[in-house]
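In what follows, a structure is listed as structure tokens, so that the remarks can point back to it.
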Amino acid sequence: MEEKRIGNHNGDYYTMDETMDSLYVATLKDSQLMQDLLRFQDFYKNVAYNCFLFLPKGTKGVCNYDSYLYESLAGTISSIHTMVEKGHLNDACVLLRLYFDNILTQTYIHLLAEQKFDVFTNFYVNEICEWLQKKNRIPSIKKVLAMIETSDKTKTIYSLVNKNDRLKTDREFLDDCVHGNRYQYFLYNCSAIYLKHRDVFLSKIQTVLNTLFVLHLSFIFSLTPHYLTSSDYRDCLEMGMTPPEGSEYWIAPFAQEIFDTYIKPNSELANYLCSICSLKITR
């Protein structure tokens, strides 16, 4: 069907063709963003499986709730992939903002466990138990960020990732998408419209996504590194064998690979994580 221009706004034009903008399809094919989304989804599924047998701190449950949180994050990443694939880029940003919030929520819960759990005096952390039982809500984002920015476990990571206030800028961008603060963002949800800056918007999504993933990955290395351990130690115990010395600190291959790809390029962050993490990370 031949495209017929029926409107114009700042160089963009609308078409009668309901198929996706052909230039967008060409840009999307084999794009780094789509590859990253698939890799992040696989990573969260691997962590969900790997952490299931570890008992969570501060709760009354036996099953590790974090396993389900990682499955949920994998689902969110999958949804972002679908929205990008369909050309609904503003919806992808709305989901990206959800991903941002969920990263902060999980990190906040981990920090509560880190600060308040004590095997003798405070085995159950009330705030975590009440959140899991739907009796209490997570506090405001301002309070959550205040804890993350001041905790010894996370403040350096947050500072290294947040250079030039990039996380604040990214959140403002995502807020604009959620609340429709710019007319252009509505158009980015219309896949059949030709938009000359669609590739720029797509690049912005990739930059924000990678920043958030690096932030979350770094928090995992700092707060729950045992979730990223190799199965060799457990496998030996299950087979009645003596595990190799130090194998409890071996890093899982999927975690080392993701570290090499997304953390190593930031040498300052990589060196810091290697210095504080109990895992034997290959630099």
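Among residues of the stretch 35-49 that are among the hydroxyl-bearing types (Ser, Thr, Tyr), those with a beta-carbon under 6 Å from a residue that is surrounded by fewer than 22 Cβ atoms within 10 Å (Cβ to Cβ) at least six positions away or on a different chain give the pairs Tyr44/Ala74. Residues that are touching a helix residue (DSSP H, G or I) at 6+ places or on another chain (Cβ under 8 Å) and in contact (Cβ under 8 Å) with a residue 60 or more places away in the chain: does the stretch 230-245 have at least one? Within the stretch 230-245, one or more residues are touching a helix residue (DSSP H, G or I) at 6+ places or on another chain (Cβ under 8 Å) and in contact (Cβ under 8 Å) with a residue 60 or more places away in the chain. Residues that are over 30 Å from Val200 (Cβ atoms) and among the aliphatic types (A, V, I, L, M) within the stretch 90-117 comprise Ile109, Leu111, Leu112, Ala113, listed in sequence order.
Scanning the stretch 42-66 for residues that are part of a helix (DSSP H, G or I) and surrounded by 19 or more Cβ atoms within 10 Å (Cβ to Cβ) yields a count of 8.
Annotation: of all residues in the stretch 122-142 being over 14 Å from Gln106 (Cα atoms) and not polar (S, T, N, Q), the one that is nearest to the chain's Cα centre (by Cα) is Lys142.
Of all the numbered requirements in (1) closer than 16 Å to Ile138 by Cα; (2) hydroxyl-bearing (Ser, Thr, Tyr); (3) within 11 Å of the chain's Cα centre (by Cα), Tyr108 misses one, and that requirement is (3). The residues of the stretch 133-160 that are at pLDDT below 95 and assigned to a helix (DSSP H, G or I), listed by number, are Ile141, Lys142. Residues considered: Ile220, Ile251, Ile276. Of these, the only one that is among the β-branched types (Val, Ile, Thr) and within 22 Å of Thr105 (Cα to Cα) is Ile220.
Taken over the stretch 48-68, the criterion of being within 16 Å of Thr107 (Cβ to Cβ) and basic (Lys, Arg) is satisfied by Lys57 alone.
Would you confirm whether or not the stretch 114-127 contains a residue that is aliphatic (A, V, I, L, M) and more than 30 Å from Leu23 (Cβ to Cβ)? Yes, the stretch 114-127 has at least one match.
Within the stretch 87-135, the set of residues being farther than 16 Å from Leu37 by Cα, free of Cβ contacts under 8 Å to residues at least 40 places away in the same chain and crowded, with 20+ Cβ neighbours inside 10 Å comprises Ile109 only.
The values are calculated or read from the model by the stated rules, or taken from the named source; none is laboratory data. Just so it is clear, the model here is predicted, and its values are computed rather than measured. Virtual Cβ from ideal backbone geometry, glycine too; neighbours counted across all protein chains shown.
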